[in-house]
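Some notes on the structure that comes next.
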4 protein chains.
Amino acid sequence: MCRWLAYSGSPVLLEELLYQPRFSLIDQSLHSQLGVETTNGDGFGVGWYGMDGGAGAAPVLFRGVGPAWSDLNLRELARSVSSPMFLAHIRASTGTPVQQTNCHPFRHGQWLWQHNGAIRDFSLIKRDLMLAIDPALFASIAGSTDSEVMFHLALTFGLQTEPVAAVALMAGFVESTGRRHGVEHPLQMTVATTDGEALWAFRYSSEGNSRSLFFSTAVSTLRQMYPEVEHLNRLSDESRIVVSEPLGELVGAWQPVPESSYGYVCKGADRLGDFRPATP
Amino acid sequence: MCRWLAYSGSPVLLEELLYQPRFSLIDQSLHSQLGVETTNGDGFGVGWYGMDGGAGAAPVLFRGVGPAWSDLNLRELARSVSSPMFLAHIRASTGTPVQQTNCHPFRHGQWLWQHNGAIRDFSLIKRDLMLAIDPALFASIAGSTDSEVMFHLALTFGLQTEPVAAVALMAGFVESTGRRHGVEHPLQMTVATTDGEALWAFRYSSEGNSRSLFFSTAVSTLRQMYPEVEHLNRLSDESRIVVSEPLGELVGAWQPVPESSYGYVCKGADRLGDFRPATP
Amino acid sequence: MCRWLAYSGSPVLLEELLYQPRFSLIDQSLHSQLGVETTNGDGFGVGWYGMDGGAGAAPVLFRGVGPAWSDLNLRELARSVSSPMFLAHIRASTGTPVQQTNCHPFRHGQWLWQHNGAIRDFSLIKRDLMLAIDPALFASIAGSTDSEVMFHLALTFGLQTEPVAAVALMAGFVESTGRRHGVEHPLQMTVATTDGEALWAFRYSSEGNSRSLFFSTAVSTLRQMYPEVEHLNRLSDESRIVVSEPLGELVGAWQPVPESSYGYVCKGADRLGDFRPATP
Amino acid sequence: MCRWLAYSGSPVLLEELLYQPRFSLIDQSLHSQLGVETTNGDGFGVGWYGMDGGAGAAPVLFRGVGPAWSDLNLRELARSVSSPMFLAHIRASTGTPVQQTNCHPFRHGQWLWQHNGAIRDFSLIKRDLMLAIDPALFASIAGSTDSEVMFHLALTFGLQTEPVAAVALMAGFVESTGRRHGVEHPLQMTVATTDGEALWAFRYSSEGNSRSLFFSTAVSTLRQMYPEVEHLNRLSDESRIVVSEPLGELVGAWQPVPESSYGYVCKGADRLGDFRPATP
């Protein structure tokens, strides 16, 4: 299991979210409060989009295999890179090797993807899952995680044109394949994915008992609640954070994403919707 | 392209072959004389069998992602581990990531496998090759190299019972798959594989112009040629070394393995044979 | 703060102590029960002496900068190396960089040294401490930890001839230097050191509130207490383990080392003694 | 021995100098043409200043212990970071450990420092050199290289106020200390240092036979010589590159820095001067 964060809004220095809040993501790498594992020391990654945006610009990836808490390069980058959209992830391996190609986020063109959870009995069904991946994408699988396979299945099912439908087809295919092999609850996931302009976050598990996921209360509301918190003034109204577990200590700052639902974040248009796996 | 070494014989300290000869394998990591690349700094590995042998005992693996020349742990092990049978490999990546799961030798049960060369246009035919792997072995592929896929194909085709025939079937299958995709010369390889008791080494390429491979002249002959070289007295008569390029400077110590052939080394029984890909 | 283990006795596979007990040292790297930090993921090390012993033989070192829990090479070594005397250490950095030269144990000739604790305000007094190190030893300091400086001070004060007196002089010198710079409680330590034949373990802190340290109950006693525990029969009567926190769940298996004392373990002769810093 | 590059001028993407030219710095990590060692695979580093400059802003450091040629994070950064002033270094260790704290450039406040060369018999005179370092700077030495000691000596002798004089005093002190210990030619160096606004480069050796160093011909001249080379139009007139060995293949693009001299680069004011060690 892992912890992750996704940000969309006015540009912020990465360190403002990765290092500065109490219970920041880097704190969680050593001492997660809500995670299945308290330590997330099996690698990390950040993927960010540049300030100028520019449709089609590929995000930049920085991924390391050591623990995030002691990575000096991550700290340097975090204090020098500002971004209006980024994903960050700290990993606790569920068995697959600790290597850069298994670190999230994963990238395909201008898309990023990160995951907390697991496909149960993945080794049992990995081959069947991989056979369903678009042959043109097959060789671009660089690592050995379930998460990267999920990403490539979603790409195969149309992530780049109909993201919610594609993730639903991916989830449905993982579940049907797993059940065919006798796995009772094949899928456990919170997922964030983005093309640099919009952000989608999913919370779902076959057993209806998914890992935690939270989104931040609207900045305008927070400013009313906490007029004394200065850094809220630096955020635009449409800024949003989605996280595995809350950062900081502002009461009321976080809303749980409901079971079996997804969130969509884009300038001036947020929404929550139901999420149901679909049959390919 | 890479460099490798295989040893079978009376137990020797690893460092006697890895560090001490001029042009030792570790020297070759910085300055290969015959390799396609002069630098082999993209990881390394050693797999060795214990002193007591014991049929069925799995070999021990030590693999690292940095250059062999600066690895202090390898140096420590090499001066403390003696083995009657070991493989050692230094890697120059042909594009796949530098990660432990891509380092040779690869292991399956008591078998080890290492490779120099490449499957040409591997990304084009990787999917078809992987589909031919025994489904029960599929999920044990941990890395992303052509070499590991070759190993698992050979295992699928019977490596553990008929090694030469299985490698011939693997080579034939890679060639037919490659040619079906329009690859002119699909396979380039020197391969060493062992179960801890016998050692097989193969030299083959589709174009009939294979990477170099040498085996050591019989120790009894070398002792007659070089009575003054003390360390030859510590080797048993049946000790043999197979290498990508010669170690040391003893003239006449090394014989080239001919094109399209294989060598078999076992106590009291060496032989060279022709190698031809076979049709599965 | 860190966790460590020292073993002296009949040869055992490293994995029997590093991996197999519940609450094993590798478990403690993720979930320490008694440590100041619950996670010890900033590197690790093992130093062991060979089976043949042989006075004067330098121990073998294996040290890594990643977390011990995910290191595949450590796992491989632990299942293949047997030793009658070894030290093992998992690190939680108190600020100095995560690098191999800062991993314990440290080695000088045939001596090993490992430490849990800290010199307080080390950066303030580091220069004065280093000036007191024998100039001939100065350049052999490879890392930047307080622990390695303590080792070299102890060597300067005669560790190789009068170990207990030398460690007392080291502790006294650290305390007087610290106090001269206004540090109230300069030293906090549990230390293990060995020349391969005997093992010394120290528990001391300036404030009289030292990190935990335990030694194992005599094997003969344990065999009477637990006749059903098979692996106790494989240990010689004089086998002893010293640890930062208990391994396993045998009630009565562990005795705390008292405050301000040291233990000495050698074939057929254990003893506990008072430890008091001395003035150089 | 190592290779390095320093850039001052209109902002460029790091990759334009690190990756794109034939014989780029990253090429040189595998195949240096002029270096004492052809392979520079023992770590690397880049230190850059932000686009907004802003006097007093500390540069950002990215340093890695693996070879630069295979570092994916470096490649990502190089295509996303633009800077008007940066240093880059690839390392071939002369014996000190391969660790991040031994990678160049070194940083102190807003200053960077990188070095190619060596202090001969460094281990012999290291203690005397370190005693001369300002005690307030002593504990900030994080690694074990001669280069970092040279930097801290230069800081002690006034680098931040009189850079050329301070480097001269450093060189003189290293030479007098070395000669007192019987070292014939104590110092071999090319050094680059910068505070983010100006850049100083030094070429000197005790024996008058220094490692190579080149600076780029004025951009206005190059544009006249090569009107067809497009990327020259993107550089400002005062842009300058200083390198251990030439990048690219433009004839006449590079001028050797003479023996025993230094170069100063700042907006609108370049100069070359004689460099002579001075007596502290």
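Values in this text are rule-based calculations from the coordinates and carry no lab data. On a predicted model such as this, the values are computed, not experimentally measured, just so you know. Here the Cβ positions follow ideal geometry from the backbone for every residue, glycine too, while neighbour counts run over all protein chains shown.
Set the Förster distance to 30 Å, then compute FRET efficiency between residue A:34 and residue A:233 from the Cβ-Cβ distance, nearest 0.05. Display every interim value, and only then the final one.
On the way: r = 29 Å, r/R0 = 0.96.
Working from the Cβ atoms, E equals 0.55.
Quick one: in chain B, whose Cβ comes closest to the B/A rotation axis, and how close in angstrom?
B:99, 2
At 0.890 mPa s and 25 °C, plugging the Kirkwood radius over alpha-carbon pairs of segment A:118-183 into Stokes-Einstein gives what diffusion coefficient in µm²/s?
My calculation gives 208 µm²/s for D.
Let me have the 222 nm mean residue ellipticity of chain C computed from DSSP H runs of 4+ only, each contributing -39500 (n - 2.57), with the sum over all residues rounded to the nearest 500.
-7000 deg cm²/dmol
What are the label-to-label distances in nm, one decimal and shortest first, from residue C:22 to the same spot in the other copies, with labels 7 Å along Cα to Cβ?
3.5, 6.1, 6.8
Counting alpha carbon pairs within less than 8 Å and at least 6 residues apart, what relative contact order, in whole percent, applies to segment D:149-254?
Relative contact order of segment D:149-254: 18 percent.
Counting other Cβ atoms within 10 Å, which trypsin sites (Lys or Arg not before Pro) in segment B:60-122 have at most 16 and lie in a DSSP loop?
B:79
Label-point separation (nm) for residue B:184 and residue C:226, each offset 7 Å from Cα along Cα-to-Cβ?
6.9
Would you mind giving the average projected area, over all directions, of the Cα convex hull of segment C:35-96 in nm² with one decimal?
Quarter of the Cα hull surface area: 5.2 nm².
Report the charge-dipole magnitude of segment D:39-118 in Debye, nearest 20, computed about the Cα centre from +1 at each Lys and Arg Cβ and -1 at each Asp and Glu Cβ.
Dipole about the Cα centre, nearest 20: 40 debye.
Expressed as a whole percent, how much of the Cα-Cα distance distribution for segment B:1-120 exceeds 17 Å?
Of all Cα-Cα pairs in segment B:1-120, 52 percent lie more than 17 Å apart.
Give the residues of segment C:172-204 whose amide nitrogen is closer than 19 Å to a point set 7 Å from the Cα of residue C:255 in the direction of its Cβ.
Counting backbone N atoms under 19 Å from the label point, the list is C:191-193, C:198-204.
Find the relative contact order for segment A:43-98 and round it to a whole percent, using C-alpha pairs within less than 8 Å whose residues are 6+ positions apart.
50
Whole angstrom only: what separates the Cα centroid of segment A:172-229 from the Cα centroid of segment D:181-223?
First find each Cα centre; the distance between them is then 55 Å.
Taking each label point as 7 Å beyond Cα in the direction of the beta carbon, state the distances from residue B:228 to the same residue in the other copies, shortest first, in nm.
Residue B:228 label point versus its equivalents elsewhere: 6.1, 7.0, 8.9 nm.
Every other copy gets compared here: list the nm distances from the residue A:197 label point (7 Å along Cα to Cβ) to its counterparts, shortest first, one decimal.
4.4, 6.6, 7.8
In the Gaussian network model of chain C, springs joining C-alpha atoms below 10 Å, which of C:177, C:145, C:221 carries the largest mean-square fluctuation?
C:221
In terms of Cα to Cα distance under 22 Å, which lysines are near enough to residue D:267, apart from those fewer than 8 places away along the same chain?
Answer for residue D:267, where 22 Å is the Cα cut-off: none of the lysines qualify.
Which whole-angstrom value gives the distance between the alpha carbon centres of segment A:120-165 and segment B:25-98?
33
Report Rg (one decimal) and Dmax (nearest whole number) for the protein assembly as shown, counting Cα atoms only, units Å.
30.5, 93
log₁₀ I(q)/I(0) of chain B at q = 0.16 Å⁻¹, via Debye over equal Cα point scatterers, no solvent, to two decimals?
-1.27
Placing +1 at every Lys and Arg Cβ and -1 at every Asp and Glu Cβ, with all other atoms neutral, what dipole size does the protein assembly as shown have around its Cα centre, in debye to the nearest 20?
Value, rounded to 20: 0 debye.
Could you tell me the relative contact order of chain A? Use alpha-carbon pairs under 8 Å, at least six residues apart, and round to a whole percent.
Dividing the mean separation by the residue count of chain A yields 21 percent.
Using only alpha carbons, build the gyration tensor for segment A:113-268 and give me the equivalent ellipsoid semi-axes, biggest first, whole Å. Could the numbers behind the result be given before it?
Numbers: eigenvalues 228, 58, 27 Å².
Listed largest to smallest, the semi-axes of segment A:113-268 are 34, 17, 12 Å.
What list of whole percents do you get for P(r) of segment A:55-178, with Cα-Cα distances grouped in 10 Å bins up to the one holding the largest distance?
12, 42, 33, 13, 1
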